[in-house]
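There's a structure below that I have some questions on.
The values are calculated or read from the model by the stated rules, or taken from the named source; none is laboratory data. The shown structure was predicted, so the numbers you read here are calculated from the model rather than taken from an experiment. Positions of Cβ are backbone-derived with ideal geometry, glycine not excepted, and every protein chain shown enters the neighbour counts. Just the protein is used for accessible areas: all its heavy atoms, side chains included, with ligands, DNA and RNA removed. Shrake-Rupley method; radii C 1.70, N 1.55, O 1.52, S 1.80 Å.
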Amino acid sequence: MSKITLITGASRGLGRNAALSVAKKGGDVVLTYHSRREEADAAVAEIEALGRKAVALQLDTGKVAGFADFATRLRDALRETWGRESFDHLVNNAGHGDFALSADTTEAQFDRLVDVHFKGVFFLTQALLPLLADGGRIVNYSSGLTRVSAPGWGAYAAVKGAIEVLTVYMAKELGARGIAVNTVAPGAIETDFFGGAVRDTPDFNAFFAGMTALGRVGVPDDIGPMVASLLSEDNRWINAQRIEVSGGQGI
Ligand SMILES: NC(=O)c1ccc[n+]([C@@H]2O[C@H](COP(=O)([O-])OP(=O)(O)OC[C@H]3O[C@@H](n4cnc5c(N)ncnc54)[C@H](OP(=O)(O)O)[C@@H]3O)[C@@H](O)[C@H]2O)c1
């Protein structure tokens with residue numbers, strides 16, 4: 001039986017790449033999107049063309065009030081598409097970037113970062129635990145910016161740091177159900193993240209490339225296949241770890 005991986009924010013960027021990477025390894029995918037339904041539908045079609053099953057569901061990971069309804073829609077999709085009551089892997093990927101010096105960060109910027117990257121991950125995972133199969137896996141996305149500091153990313157990096165702590169506690173608490181929980185921390189990657197800044201702004205790109213041992217920033221193909229591999233049986237004994245995937249950024 002194919003494993004089912006739920007990936008939040010898989011309409012584009014790292015989530016989409018992880019979804020396709022999982023499918024290429026023979027897995028099925030539930031992907032969520034926030035605003036870009038057409039791109040999510042295109043990702044579903046691409047996964048189906050690989051001979052795997054996929055479903056796209058809308059979700060704002062920053063709105064806890066919507067999570068019970070999302071769990072119901074997920075349960076319905078699992079029954080309809082797979083005839084199952086559970087899924088196997090949860091990948092908490094969805095998120096946005098926000099840049100402001102600590103002196104200038106507004107409460108609204110701060111709250112949205114907390115809601116999407118910390119509170120949302122905490123309560124979405126809580127809402128989905130009854131549907132996550134025993135022996136399953138959770139992957140939470142952090143960032144290389146929790147280990148190296150770059151001015152302007154303080155609030156963003158701090159909520160990602162919270163996720164790294166949460167990962168260890170989740171691993172401890174869910175171990176009794178055989179669920180492994182890890183953090184993947186990408187370095188700077190060329191996606192739409194923060195208006196495509198890493199990809200489209202030469203100075204920004206050069207700044208991060210210059211602090212990376214392998215001499216460039218990352219691309220989505222540097223991350224998605226690693227996540228698919230982490231979810232495979234080969235890596236079943238990795239638990240409660242922060243795994244940085246950055247080409248050696250800031251070492
Ligand atoms: N790119 C980097 O340099 C980098 C480095 C380290 C860590 N990360 C982390 O990696 C993750 C993915 O980033 P990315 O580079 O793939 O970004 P991206 O290309 O901008 O894609 C973001 C994805 O998340 C979804 N999303 C954004 N806000 C959401 C919300 N409130 N609720 C639900 N979905 C939401 C988007 O959905 P729609 O398209 O439907 O709007 C999209 O699918 C994030 O957690 C980010 O913090 C990125």
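May I ask you to give the percent of accessible area on the chain that is carbon plus sulfur, with a probe radius of 1.4 Å?
Whole-percent figure for carbon plus sulfur exposure: 54.
Next question, about the same structure. Given the DSSP H assignment, sum -39500 (n - 2.57) over each helix run of at least 4 residues in the chain and divide by its residue total; what's the result at 222 nm in deg cm²/dmol, nearest 500?
-12500 deg cm²/dmol
Next up: Enter the accessible area per residue of the chain (Å², integer; probe 1.4 Å; all protein chains in place).
It amounts to 46 Å² per residue over the chain.
Relative to the compact globular guide of 2.2 N^0.38 Å, what is the alpha carbon radius of gyration of the chain, as a ratio?
Rg over 2.2 N^0.38 Å, computed on Cα atoms: 0.96.
Between the stretch 1-75 and the stretch 148-166, how many Å separate their Cα centres?
26
Can you grab the distance from the C-alpha centre of the stretch 124-146 to the C-alpha centre of the stretch 181-251, Å, no decimals?
If we compute the Cα centre of each part, the gap is 18 Å.
When only DSSP loop residues count, what GluC sites (Glu not before Pro) in the stretch 1-92 have their Cβ near at most 15 other Cβ atoms within 10 Å?
Glu85
Can you tell me what percent of all Cα-Cα pairs in the stretch 111-251 are more than 26 Å apart?
The answer is 26 percent, as a whole percent.
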